[in-house]
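The values are calculated or read from the model by the stated rules, or taken from the named source; none is laboratory data. Treat the numbers as computed from the prediction; the structure is a model and nothing was measured. A quick note on method: Cβ atoms are made from the backbone with ideal geometry, for glycine too, and the neighbour counts reach across all protein chains shown.
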Amino acid sequence: MERFKAKIADEARSHADGELAEAKAEVRRLEAVNWRPEDWDHPPCHPSMAELWRSIGQVLLSQEYIGNEDLGERLDAARIKCPYGKLGTLWEDALSSDKSRKQKGAINLVTDIRKWVKKPGKNPALKRRQSKN
């Protein structure tokens, strides 16, 4: 009988340990999903640009990876105005890899925001080297 009780106790501890590990993993997952830079409310930019930084940062944080052109499409769909280029320039164009459409200022802005939220983009020089191989 004592062996049986000990076995039941061991199984209960093992089950509880498994549930605890699952709960801890879920907490880590939720913390990662909800992570924001400490200065989220006051990004490292001019105060007039803070809302734009948070809006772009939110899109970047909403998924594992998003390329600049896809990011541009999302920003345009959300009707976030692009402050670069001629009046009415779309983010999709400003963040394009097409030299005739892209806006260096927009790309630099997104690069700075990517650093801020720790969601780096792909290195264009690296992509070129990989496509040659």
With the first residue restricted to region 104-117 and required to be of a type in the set (Gly, Ala, Ser), and the second required to be part of a helix (DSSP H, G or I), Cβ contacts under 6 Å at 6 or more apart or on different chains are ALA106/ALA94
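Residue by residue through region 84-95, note down the ones that are out of contact with any helix residue (DSSP H, G or I) (no Cβ under 6 Å at 6 or more places or on another chain) and surrounded by 16 or more Cβ atoms within 10 Å (Cβ to Cβ).
Let us first name the residues in region 84-95 that are out of contact with any helix residue (DSSP H, G or I) (no Cβ under 6 Å at 6 or more places or on another chain), namely 86-89, 93.
If the condition is that a residue be out of contact with any helix residue (DSSP H, G or I) (no Cβ under 6 Å at 6 or more places or on another chain) and surrounded by 16 or more Cβ atoms within 10 Å (Cβ to Cβ), then THR89, ASP93 are the ones that fit.
If only one of HIS46, HIS15 is exposed (fewer than 11 other Cβ atoms within 10 Å of the Cβ), of a type outside the set (Val, Ile, Thr) and at pLDDT 95 or above, which one is it?
Values: HIS15 fails: at pLDDT 95 or above.
It is HIS46.
In region 53-89, which residues are of a type in the set (Lys, Arg) and either under 22 Å from LYS104 (Cβ atoms) or assigned to a helix (DSSP H, G or I) (or both)? Let's see the steps before the verdict.
Of all residues in region 53-89, those of a type in the set (Lys, Arg) come to 54, 74, 79, 81, 86.
Listed by number, the residues that qualify are ARG54, ARG74, LYS81, LYS86.
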